[in-house]
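One structure below.
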There are 2 protein chains.
Amino acid sequence: MTLEHAILGFLEREPMTGYDLKTRCFDGAAGHVWTADQAQVYRTLERLSERGLVRSRAVPQRGKPDRRLYRITTKGREALLAWLRRPEAPTAVRDPLLMRVFMAGDLPDTEIAGLLTQARDDYQVRLETLRAEAAAPVPSCAATDARGAELYRMTLGAAMAGTRAVIDWIDDCMERISRGLPPASPQVTGEGV
Amino acid sequence: MTLEHAILGFLEREPMTGYDLKTRCFDGAAGHVWTADQAQVYRTLERLSERGLVRSRAVPQRGKPDRRLYRITTKGREALLAWLRRPEAPTAVRDPLLMRVFMAGDLPDTEIAGLLTQARDDYQVRLETLRAEAAAPVPSCAATDARGAELYRMTLGAAMAGTRAVIDWIDDCMERISRGLPPASPQVTGEGV
DNA sequence: GACGAGTATAGGACAAGTCCCATAAAAATC
DNA sequence: GATTTTTATGGGACTTGTCCTATACTCGTC
């Protein structure tokens, strides 16, 4: 449900095409909060249109396909507000990196360390990107006024805090590994069912 | 792909039924790392079985349906190891709470604060649960030796660090809100397409 | 004794997300 | 001049995850 409402939220700021939503909003301004595939954006727009939460108008262009400009309706605005007010349980955790560490007992210490170092580098890059976004002016599709800009900066803060937490955790793990993890007990590897 | 390999990992520790995997592993020991629906577990077991990564044996019971006991195969063990070694890009962020804050400009300060307070409570509960897990003895399906136990504790540490980061972020936001967010600019709400 | 909880498996329907392809022409780059 | 990138939309196939249902017997509670 979040993608639907994210799209409604962006369209409330400004009428846009599917292409705009994908490139400017989900790849750009809101990438640290939610990502979306191109196919998903177009399909969701279609669904929202069927339900009357958005409406669209074709804008002819020379050489390129018509731009389909989407605009939120009153009904869509109501749906957005209702969603903002409806309490929602926190999402379940699902982290492939943690799952790997959980299952990594069969790897030697050096390979576990390698795994974590690689992840650390990835998160470090993410952190730099977030820092750059925080230093840059607020993108137009992220906020239309000072209030929106403040909320946008809050979400950037959350993303940075979360990323920093992962990096710090990896550093702790690396220190623990450098002291040597307990060795693996020899596993019985019988093959009968 | 992670669920498949998570199941392989658990079955390497100990042969189990779908029911065990769901209740002991995904609801229990590994809930802070990965969750899985019951239907998903059974379907994935079936798929793994078709591909020869696990094999099963029916264990008759009185009164209850037969237990279908799954065991990892040599091929499955190889697949697990290959997955552990294969580098993987970090997952895209997708956080409904952040999306709400991002879009919350139309709500009054008090309602934004309420939203965050509710979320804080939820994460506080999560943190208590994690603390209890860290204090309790390591569940048998989480690790079979001291090495596995250490890795398990590392993943608990990551979950706790992440949860604490969210709580701290919310506290920062609440302080910012208590000083008053900038007011919303009046929006033009024209309805033409 | 009815009723719910626990043990155990499995199916259907559907929403959400990923990946890959096709079309089409202008503009930029090599 | 040839190739790649950008702008713009959309379809198909597939994997993942959620929710709800059915079956069937035991055990403990009200």
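Observations on the structure shown:
- Computed P(r) (all Cα pairs; chain B; 5 Å bins; percent): 1, 6, 12, 14, 14, 12, 10, 8, 7, 6, 4, 3, 2, 0
- Qualifying aspartates and glutamates (Cα of each under 15 Å from Cα of A:LYS22; at least 8 residues distant if same chain): A:GLU4, A:GLU14, A:ASP37, A:GLU46
- Charge dipole of chain B about the Cα centre (unit charges at C-beta), most positive-ward option of B:PRO186, B:GLY114, B:LEU127: B:LEU127
- In this calculation the C-beta distance from B:ASP145 to A:ASP37 is compared with R0 = 45 Å, giving a FRET efficiency of 0.60.
- Label distances, nm, A:GLY52 versus same residue in remaining copies, Cβ-directed 7 Å point: 5.8
- Solvent exposure of chain A as accessible area per residue, Å², 1.4 Å probe: 48
- Between B and A, accessible area buried - total, square angstrom, nearest 100, 1.4 angstrom probe: 7900
- Mean projection area, nm², convex hull over Cα of the protein assembly as shown: 23.3
- Using alpha-carbon coordinates, inclination of helix B:146-178 to the longest axis of chain B, degrees: 10
- Using a simple spin-label model with pseudo-atoms 7 Å out from Cα toward Cβ, A:ALA135 and B:GLU78 lie 5.0 nm apart.
- Only Lys, Arg (+1) and Asp, Glu (-1) charged, at Cβ; the range A:25-98 dipole about Cα centre in debye: 500
- Comment: the Cα-to-Cβ extended label point of A:THR35, at 7 Å, lies 2.2 nm from its counterparts in the other copies, nearest first.
- Threshold 30 Å² - residues in the range A:123-155 whose accessible area is reduced by that much or more when the chain is no longer isolated, probe 1.4 Å: A:ARG126, A:ASP145, A:ARG147, A:GLU150, A:LEU151, A:MET154, A:THR155
- For chain A, a simple Cβ point-charge model (Lys and Arg +1, Asp and Glu -1, everything else neutral) yields a dipole of about 1340 debye relative to the Cα centre.
- Between this copy and the others, label points of A:SER140 are 6.4 nm apart in ascending order, each placed 7 angstrom from Cα in the Cβ direction.
- Charged side chains reduced to their Cβ positions (Lys and Arg at +1, Asp and Glu at -1) give the range A:96-178 a dipole of some 340 debye around its Cα centre.
- Whole-Hz couplings from phi, Karplus 6.51/-1.76/1.60, listed for the range B:38-48; x for Gly and Pro: 4, 4, 5, 4, 5, 5, 5, 4, 4, 4, 4
- Exercise: per-residue mean of other protein chain Cβ atoms within 10 Å, B:77-89: 4
- Cα centroid of the range A:126-162 to Cα centroid of the range B:119-177, whole Å: 27
- Across the range A:96-101, rounded Karplus estimates of 3J(HN,Hα) from the backbone phi angles (6.51 cos²θ - 1.76 cosθ + 1.60, θ = phi - 60°) give x, 5, 5, 4, 4, 4 Hz, Gly and Pro being marked x.
- In sequence order, calculated HN-Hα J values of the range A:132-141 (Karplus, 6.51, -1.76, 1.60; Hz; x Gly/Pro): 4, 5, 5, 7, 6, x, 5, x, 4, 7
- Label-to-label distance, B:ARG153 versus A:MET1, with points set 7 angstrom from Cα along the beta-carbon direction: 4.1 nm.
- Spatial extent of the range B:2-85: Rg and Dmax, with the Cα atoms as the point set, Å: 12.4, 44
- Shielding score for A:169-178, defined as the mean number of other chain Cβ atoms within 10 Å: 3
- Between the residues B:LEU98, B:ALA165, B:PRO137, the greatest Cα displacement towards the positive end of the dipole of the range B:96-178, with unit charges on the Cβ of Lys, Arg, Asp and Glu, is found for B:PRO137.
- Estimated distance in nm for a label pair at A:ASP168 and A:GLU14, the labels positioned 7 Å out from Cα along Cα-to-Cβ: 3.6
- Computed from the C-alpha gyration tensor, the three semi-axes of the ellipsoid equivalent to the range A:96-178 are 35, 11, 10 Å, from longest to shortest.
- Extension gain, B:ALA184 to B:GLU46: 0.36 nm times the residue separation minus the Cα-Cα distance gives 44.3 nm.
- In chain A, Cα pairs under 8 Å separated by at least six residues give a relative contact order of 22 percent.
- Rotational relation A to B, axis-closest Cβ in chain A, residue and distance rounded to whole Å: A:ALA165, 2
- Of all accessible heavy-atom area on chain A, the percent that carbon and sulfur account for (1.4 Å): 53
The values are calculated or read from the model by the stated rules, or taken from the named source; none is laboratory data. Being a predicted model, the structure only gives us computed values, none of them experimental. Here the Cβ is made from the backbone with ideal geometry for all residues, glycine too, and neighbour counts use every protein chain on show. These accessible areas exclude ligands, DNA and RNA; they are computed on the full protein's heavy atoms, side chains included. Shrake-Rupley method; radii C 1.70, N 1.55, O 1.52, S 1.80 Å.
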